[in-house]
Amino acid sequence: MTLVQLSHPARARSFLADGERARFHDAALWQIRARRDQRAAELPEWEALRELAARIKAHTLAQLPEYLERFEENARRHGAHVHFARDAAEHNRIVFELLRARGVTRVVKSKSMLTEECGLNPFLEQQGLEVVDTDLGELIVQLRREPPSHIVLPAIHLRTADVAETFTRTLGAPPLEDAQSLTEFARSHLRAKFLAAQAGITGVNFAIAETGGIVVCTNEGNADLGMALPDLHIACMGLEKLLPRAADLGVFSRLLARSATGQAITAYTAHVHGPRPGGELHIVIVDNGRSALRGEARHRASLRCIRCGACMNTCPVFRRSGGHSYGTHVPGPIGSILAPLRDPDAHQSLPHACTLCGSCTAVCPVKINLHEQLLELRERHLEGPGLALSRRWGERALAQLLGWLLKSPGRTARLGAVFRWLGRRLPGLTRWGSLGRWTATRELPPLPEHSFHAQYARRRAERARAPSDPGARRQ
């Protein structure tokens, strides 16, 4: 029997131990969420765009085999080579064989969550290749030998001083104290890597079945250099990245940047239809469990995800616990769905890392019902084997007791009266047991002497006894 693993809580406690870092992380992500709201408010049609994007994605997933065939046919017509990989191991083998056959030893790579999912970097490094991440945030965490902590902002957990120390220790940079100087140093370092690269690897934000083209969005232009300078371009994409028509792209380009970073549009949006003159373009389409997820009716909607990170920027748990605490390449609310579905034993604690506030669902640009899916995974976990022996048995018993109490208004009222009476006389009551773990970082408001219903009834009675004159009643 498998017991509940508390990997996320343990890692979260480690992140929270540095209070200054935790406060900085929380504030930085909430600022991005606020910018997202500002940009969304500028478009009266924002909710209509979200609804349309959700419908387009749902339609594409329903007809996915047909659209994959159409994309492959049109991509080949433009001179691209299309490969299909069943899993991460096959994806890595295909990429390595393409590089080895051409004698490539130096690779530049732009940000790609799929290659993080497949573990491409360490695999290629084990084969003796130099792989340089060219997104600034990805470069920083690569130099630190850390995974990204956020799918859009890989180094959001680090402060300027951390980056300066990393550049000095790993690249021999002089002491630098401001973000501008650090960015200029990184540009100088990366420019030499771009010029020496023999191949460029990118992710794919969108692939258009109608045209056979791919779209890569960045804010630094690094993907454009990686695609344009070397002769060989390898684009790695999950099969869910497909859109049916070029006309559909306008819906998603308006949603993506606003949801991700609060920009009206990404700084660089590259449309690729075939290789550049004299070059090669290889597109590797990866399944790695996506077809199985497509068959899960209750969780198929999670394949709509466009990797904008909006759910992470708004999630109160993610903002306060950091991305590394999730122990998976895609953290946050969407990762807390994808990881347990792929490996329940390793990630069964993640659906519980959620307040069920619904904020993630409210901001998702493709309207994934994230909090509802997380609740369903909790229910699935509660019905799983070994729970009675796990460390959550007490919480389950408490939940069942509360469920019995709350089904009856009379029992609920009596429970509230007892709790209010005890709370006023035993101030430390909320520090006991499971409540103690919850209130360790939260403050409950002062408990009133009377319940809402009692106060409402009293006020209604007072109004009934008051004079009928409207002026007197207002007084």
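The values are calculated or read from the model by the stated rules, or taken from the named source; none is laboratory data. This one's a predicted model, so the numbers in the text were calculated from it and none came from an experiment. No Cβ is skipped: glycine too gets one built from the backbone with ideal geometry, and neighbour counts run over all protein chains shown.
Tabulated values for the structure
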read-out: Residue 297 among the small types (Gly, Ala, Ser) and modelled with pLDDT under 95; value: yes
read-out: Inter-residue pairs, beta-carbon under 8 Å, first outside any helix (DSSP H, G or I) and in the range 153-164, second among the basic types (Lys, Arg) and surrounded by 20 or more Cβ atoms within 10 Å (Cβ to Cβ), 6+ apart; value: 154/111
read-out: Helices (runs of 4 or more DSSP H) contained in the range 165-284 and holding at least 2 residues within 26 Å of residue 107 (Cβ to Cβ) and in contact with a Phe, Trp or Tyr (Cβ under 8 Å, 6 or more places away or on another chain); value: 179-196, 222-228
read-out: Number of positions in the range 45-100 that are among the charged types (D, E, K, R), within 17 Å of residue 212 (Cα to Cα) and either in contact (Cβ under 8 Å) with a residue 40 or more places away in the chain or crowded, with 18+ Cβ neighbours inside 10 Å (or both); value: 5
read-out: Some residue of the range 273-282 being of a type in the set (Lys, Arg), in the same structural domain as residue 194 (by TED's automatic domain parsing) and touching a residue at least 60 places away in the same chain (Cβ under 8 Å); value: no
read-out: Index of the failed condition, residue 315 passing every other in (1) closer than 28 Å to residue 90 by Cβ; (2) crowded, with 19+ Cβ neighbours inside 10 Å; (3) modelled with pLDDT of 95 or more; value: (1)
read-out: Selection count, the range 275-296, where residues are among the small types (Gly, Ala, Ser), surrounded by fewer than 16 Cβ atoms within 10 Å (Cβ to Cβ) and over 21 Å from the mean Cα position of the chain (by Cα); value: 2
read-out: Selected residue [at pLDDT 80 or above and within 29 Å of the chain's Cα centre (by Cα)] from 374, 401; value: 374
read-out: Selected residue (criterion: farthest from the chain's Cα centre (by Cα)) from residues of the range 34-52 that are of a type in the set (A, V, I, L, M) and under 19 Å from residue 313 (Cα atoms); value: 41
read-out: Answer from 119, 128 - the residue that is surrounded by fewer than 19 Cβ atoms within 10 Å (Cβ to Cβ) and under 17 Å from residue 335 (Cα atoms); value: 119
read-out: Pairs, first among the hydrophobic types (A, V, I, L, M, F, W, C) in the range 341-359, second in a helix (DSSP H, G or I) and surrounded by fewer than 13 Cβ atoms within 10 Å (Cβ to Cβ), C-beta under 9 Å, six or more apart; value: 341/292
read-out: Subset of the range 104-121 (residues that are farther than 17 Å from residue 170 by Cβ and under 24 Å from the mean Cα position of the chain (by Cα)); value: 109, 110, 111, 112, 113, 114, 115, 116, 117, 118, 119, 120
read-out: Scope the range 152-184; condition under 24 Å from residue 257 (Cβ atoms), surrounded by 13 or more Cβ atoms within 10 Å (Cβ to Cβ) and of a type outside the set (A, V, I, L, M); matching residues; value: 154, 157, 183
read-out: Residue check, residue 298 assigned to a loop (DSSP other than H, G, I, E, B) and outside the structural domain of residue 107 (by TED's automatic domain parsing); value: yes
read-out: Selected residue (only one of 261, 269 is out of contact with any Leu (no Cβ under 6 Å at 6 or more places or on another chain) and either on the phi > 0 side of the Ramachandran plot or without any contact (Cβ under 8 Å) to a residue 60 or more places away in the chain (or both)); value: 269
read-out: Hey, residue 293 under 23 Å from residue 118 (Cα atoms), in a helix (DSSP H, G or I), of a type in the set (A, V, I, L, M, F, W, C) and in contact (Cβ under 8 Å) with a residue 40 or more places away in the chain or not; value: yes
read-out: So residue 144, is it over 14 Å from residue 106 (Cα atoms) and loosely packed, with under 15 Cβ neighbours inside 10 Å; value: no
read-out: Top-ranked residue of the range 4-33 - restricted to ones that are under 17 Å from the mean Cα position of the chain (by Cα) and among the hydrophobic types (A, V, I, L, M, F, W, C), ranked as nearest to residue 159 (Cα to Cα); value: 28
read-out: Flag for residue 12 being aliphatic (A, V, I, L, M) and more than 29 Å from residue 264 (Cα to Cα); value: yes
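Conditions tested, residue by residue: (1) within 30 Å of residue 59 (Cβ to Cβ); (2) at pLDDT 95 or above; (3) surrounded by 15 or more Cβ atoms within 10 Å (Cβ to Cβ).
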position	(1), (2), (3)
362	yes, yes, no
365	yes, yes, yes
370	yes, yes, yes
386	no, no, no
392	no, no, yes
395	no, no, yes
